[in-house]
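Here is the structure we will look at.
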There are 2 protein chains.
Amino acid sequence: MARRPTLEFWYEFASTYSYLSVMRIEALAAEAGVELRWRPFLVGPLFAAQGWNSSPFNIYPAKGRAMWRDLEREAARHGLPPISRPDPFPQNSLSATRAATYGMDHDWLIPFSKAVYRAEFAEGQSIAEPPAVAALLDRLGLDGSMILKAAAAESNKMRLRANGEEARSRGIFGAPTFLTEDGELFWGNDRLEQALAWAVGDRPGGLL
Amino acid sequence: MARRPTLEFWYEFASTYSYLSVMRIEALAAEAGVELRWRPFLVGPLFAAQGWNSSPFNIYPAKGRAMWRDLEREAARHGLPPISRPDPFPQNSLSATRAATYGMDHDWLIPFSKAVYRAEFAEGQSIAEPPAVAALLDRLGLDGSMILKAAAAESNKMRLRANGEEARSRGIFGAPTFLTEDGELFWGNDRLEQALAWAVGDRPGGLL
């Protein structure tokens, strides 16, 4: 049987549009016959490098208002629960991202990631504090405090930083981002379908 | 016969994604049974107000690289000619926007707008200098130099400024933007289909 093409899915726990992709990507990838590689990372350092000390949706209020309304519409369109905003926005995603980085070697990465986003944007809960992250892990039948301890190890923190460097060096500037095996970059939940099509070899007319 | 719903289409001549919408919107609006109101405007003053002195695609190079590649893919997907980049980017759109503002009372606004974008992004020509704008008008069988003179009148410049103020006061922060009669704002070429659906009363499940 031929190897299935792979799509890398780079997501950030504080990102509203990453939430939409996290909830949609499994079914769409299965349908397309694409293997996913889930890549949790922090966009904060990328934003800081371009001079932003918060989400652009806070820095530019008109853009932020439009984003929240768009997110409500898109959630409704995709059959997701009504959006419930966490306070503050964006949530500090360091603890969740450390846990997810550690989870890249474990089979709970995907259910954990979905649980974080559901708590944050469908239930409006804080996911910033380590106890909140531990509780989400516990609810999956895992040992949350053990995992957070392992996730705080220097080797895991270095891996998280290395992932951030990899993101920047591969042209990533925001989340969600999809990267195909031949290096094609698709930014934003709106490009999920096109990224999957590209991954299986469907190129829009005439493009190489 | 019932009045057809109207959608306002706010576009900026320097904007790459406005180009895609300009080329797609007539057929889609006709199919949806929606009347269009074409609203040329300048995003420069809005960008300047949030501290940008150029296109965000220049200020943030990784974002810019991804945008140009995305534009190539999207143009191919929509059956448009290969993208040809004007130099410099963004083009100074003041002269074209003055002409289009004057054209809001004339039946050549739409063909003129399409001609500007085609020259700029399909042929990579400069549309910045008044003679280039006059030539595009001439090619439509109009009197370009007469129109540019009328467009430079104080009343037309005031109208252009008033349109910019209106854009800001109605929540517009970029282009293209679509505004429905009930004030729903959709930003970006990716939302053209949803904006038309909203205009005819199709709301995503559960939304008011």
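The values are calculated or read from the model by the stated rules, or taken from the named source; none is laboratory data. This structure is a prediction, so every number in the text was calculated from the model and none was measured. All Cβ positions, glycine included, derive from the backbone under ideal geometry; neighbour counts span all protein chains shown.
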Could you go through the stretch B:82-100 and let me know if any residue there is within 11 Å of another protein chain (Cβ to nearest Cβ) and either touching a helix residue (DSSP H, G or I) at 6+ places or on another chain (Cβ under 6 Å) or among the charged types (D, E, K, R) (or both). yes
Might you check whether a residue that is farther than 27 Å from B:PHE112 by Cα and not in a helix (DSSP H, G or I) occurs anywhere in the stretch B:29-36? no
Looking at the stretch B:63-70, is at least one residue at negative phi, in contact with a strand residue (DSSP E or B) (Cβ under 6 Å, 6 or more places away or on another chain) and either among the hydrophobic types (A, V, I, L, M, F, W, C) or at pLDDT 95 or above (or both)? yes
Among the residues that make up the stretch A:101-122, is at least one of them over 18 Å from the mean Cα position of the chain (by Cα) and crowded, with 16+ Cβ neighbours inside 10 Å? no
Considering the stretch A:1-16 alone, what residues qualify as being outside any loop (DSSP other than H, G, I, E, B) and closer than 10 Å to A:GLY174 by Cα? A:TRP10, A:TYR11
Within the stretch A:147-162, take every residue that is exposed (fewer than 13 other Cβ atoms within 10 Å of the Cβ) and of a type in the set (A, V, I, L, M, F, W, C) and give me the one that is nearest to the chain's Cα centre (by Cα). A:ALA162
Being within 21 Å of B:ALA175 (Cβ to Cβ), more than 14 Å from the chain's Cα centre (by Cα) and part of a loop (DSSP other than H, G, I, E, B) narrows it down to one residue among B:ALA132, B:ALA128; which is it? B:ALA128
Only one residue in A:ASP87, A:ASP138 is of a type in the set (Asp, Glu), over 17 Å from the mean Cα position of the chain (by Cα) and in a helix (DSSP H, G or I). Which one? A:ASP138
What tally of residues in the stretch A:69-106 results from selecting those that are charged (D, E, K, R) and under 26 Å from A:PRO131 (Cβ atoms)? 4
So B:THR16 passes all but one of these: (1) over 8 Å from the mean Cα position of the chain (by Cα); (2) surrounded by 18 or more Cβ atoms within 10 Å (Cβ to Cβ); (3) more than 20 Å from B:SER55 (Cα to Cα). Which condition number does it fail? (3)
Could you please give the count of residues in the stretch B:167-189 that are free of Cβ contacts under 8 Å to residues at least 60 places away in the same chain and either within 30 Å of B:GLY51 (Cβ to Cβ) or away from chain A (no Cβ under 13 Å) (or both)? 8
Checking A:SER169 against (1) over 29 Å from A:TRP68 (Cβ atoms); (2) in contact with a Lys or Arg (Cβ under 8 Å, 6 or more places away or on another chain), only one condition comes out false. Which one? (2)
For the stretch B:95-115, check the following and say yes or no: at least one residue is more than 24 Å from B:SER155 (Cβ to Cβ), basic (Lys, Arg) and part of a loop (DSSP other than H, G, I, E, B). no
One residue is enough: does the stretch A:65-80 have a residue meeting the conditions surrounded by fewer than 15 Cβ atoms within 10 Å (Cβ to Cβ) and over 25 Å from A:SER54 (Cα atoms)? yes
In the stretch A:42-78, what residues are more than 7 Å from every other protein chain (Cβ to nearest Cβ), in a loop (DSSP other than H, G, I, E, B) and within 25 Å of B:ALA195 (Cβ to Cβ)? A:SER55, A:HIS78
Would you say B:PRO130 is away from chain A (no Cβ under 14 Å) and surrounded by 16 or more Cβ atoms within 10 Å (Cβ to Cβ)? yes
Single residue of A:GLY33, A:GLY103 found to be at pLDDT 95 or above and on the phi > 0 side of the Ramachandran plot: A:GLY33
If we ask which residues in the stretch B:22-46 are touching a strand residue (DSSP E or B) at 6+ places or on another chain (Cβ under 9 Å), closer than 19 Å to B:LEU136 by Cβ and buried (at least 20 other Cβ atoms within 10 Å of the Cβ), their number turns out to be 3
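So, in the stretch B:163-208, exactly how many residues are in a helix (DSSP H, G or I) and surrounded by 13 or more Cβ atoms within 10 Å (Cβ to Cβ)?
The total comes to 16.
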